[in-house]
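A quick write-up on the structure given underneath.
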Amino acid sequence: GSLAGKMPGDTQEKKFANLRTAYGFMMGHPGKKLLFMGQDFGQMDEWNEKASLEWGLLKYDIHSQMKDYVKALNHLYRTQPALYRMDYEPEGFEWINADDADRSIFSFIRKDHTGKNSLVFVVNMTPVERPDYAVGVPTHGRYTLIFDENGAVSSKDGRKNAYQAKKGECDGRPYHVAYPLPAYGCAVFRFQYN
């Protein structure tokens, strides 16, 4: 079956929110990425080599928005060396929290080869909003939100995108960043090791 069809949720909106979260989690992890044809716009039927893709689905907002989200994820991948430069080196990936079974939130770091443009991923795999979520981070300084469950984030679009790390242990780290994590949220912060 298709990935959209396999996602949990009692509505198409929840299935697609889940799918965006899964794609964000996948894109953040080391290794090369693979989507079968049609999965980039949420085709509901499994890909069939004997039939055309269901391009007509793009007239529906939920499918065209998924296509735009995957396009933004691909752009993120191409513009952030932390996602590919150290893909096969253990130093390029570090878990922050992989054991939050109660809330099903995962967080990890992707490092670039310079340490100047490293990334923190925070992924909420549940339909529960976490308005007071704090994630442990490795260093003080500014963490800039560059991507979320809606796609690329910029200060120009009126959303807050700069977060200052505060001293105080969280996730076994000396600093933390507080961020309102939405249901099925996927936040990507860029930071620099000091």
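For the options ILE105, ILE96, ILE62, a Gaussian network treatment of the chain with springs between C-alpha atoms closer than 10 Å singles out ILE62 as fluctuating the most. Only lysine pairs 8 or more places apart or on separate chains count here, and in the range 1-131 those with Cα atoms under 23 Å apart total 27. Label positions at ALA162 and LYS6, each projected 7 Å from the Cα along the C-beta direction, are separated by 4.2 nm. Below 18 Å, Cα to Cα, which aspartates and glutamates can LYS167 reach? Residues fewer than 8 away in the same chain don't count. Excluding near neighbours in sequence, the set is ASP132.
Centre-to-centre, using Cα atoms only, the range 174-194 and the range 123-164 are separated by 5 Å. So what is the diffusion coefficient of the chain in µm² per second by Stokes-Einstein at 4 °C and 1.567 mPa s, using a Kirkwood Rh over Cα pairs? Answer from the Stokes-Einstein relation: 74 µm²/s. For the chain, a crude dipole built from +1 on the beta carbon of Lys and Arg and -1 on the beta carbon of Asp and Glu, taken about the Cα centre, is about 680 debye to the nearest 20. Cα centroid separation, the range 1-22 to the range 83-104: 23 Å.
Exposed loop sites were defined as GluC sites (Glu not before Pro) in DSSP loop states (anything but H, G, I, E or B) carrying at most 15 other C-beta atoms within 10 Å; in the chain the longest segment without such a site runs 50-128. Amide H contacts under 5 Å for ILE96: SER107, PHE108, ILE109, restricted to partners 5 or more places along the chain or on a different chain, H placed in the peptide plane at 1.01 Å from N. The HN-Hα couplings worked out from phi for the range 164-169 by the Karplus form 6.51 cos²θ - 1.76 cosθ + 1.60 (θ = phi - 60°) are 8, 5, 10, 5, x, 4 Hz, whole numbers, x standing for Gly and Pro.
Along the range 8-18 the Karplus relation, 6.51 cos²θ - 1.76 cosθ + 1.60 evaluated at θ = phi - 60°, assigns HN-Hα couplings of x, x, 8, 9, 5, 4, 5, 4, 6, 4, 4 Hz to successive residues, with x for each Gly and Pro.
Projecting the Cα atoms of SER104, TYR133, LEU35 onto the dipole axis of the chain, where Lys and Arg carry +1 and Asp and Glu carry -1 at the beta carbon, places TYR133 farthest toward the positive end. Backbone amide hydrogens, once placed in the peptide plane, bring ARG130 within less than 5 Å of LEU181, ALA183, excluding anything fewer than 5 places away on its chain. Summarising the label geometry, the points placed 7 Å from Cα in the beta-carbon direction at ASP61 and TYR84 lie 3.3 nm from one another. Each residue of the range 110-117 was assigned a 3J(HN,Hα) from its phi angle through the Karplus curve 6.51 cos²θ - 1.76 cosθ + 1.60 (θ = phi - 60°); the sequence is 10, 10, 8, 6, 9, x, 8, 9 Hz, with glycine and proline shown as x.
Since every read-out is calculated from the coordinates, none of them should be taken as a lab result. Remember, it's a predicted structure, so these values are computed and weren't measured experimentally. When we count neighbours, we look across all protein chains shown, and the Cβ atoms used for this are built from the backbone with ideal geometry, even at glycine.
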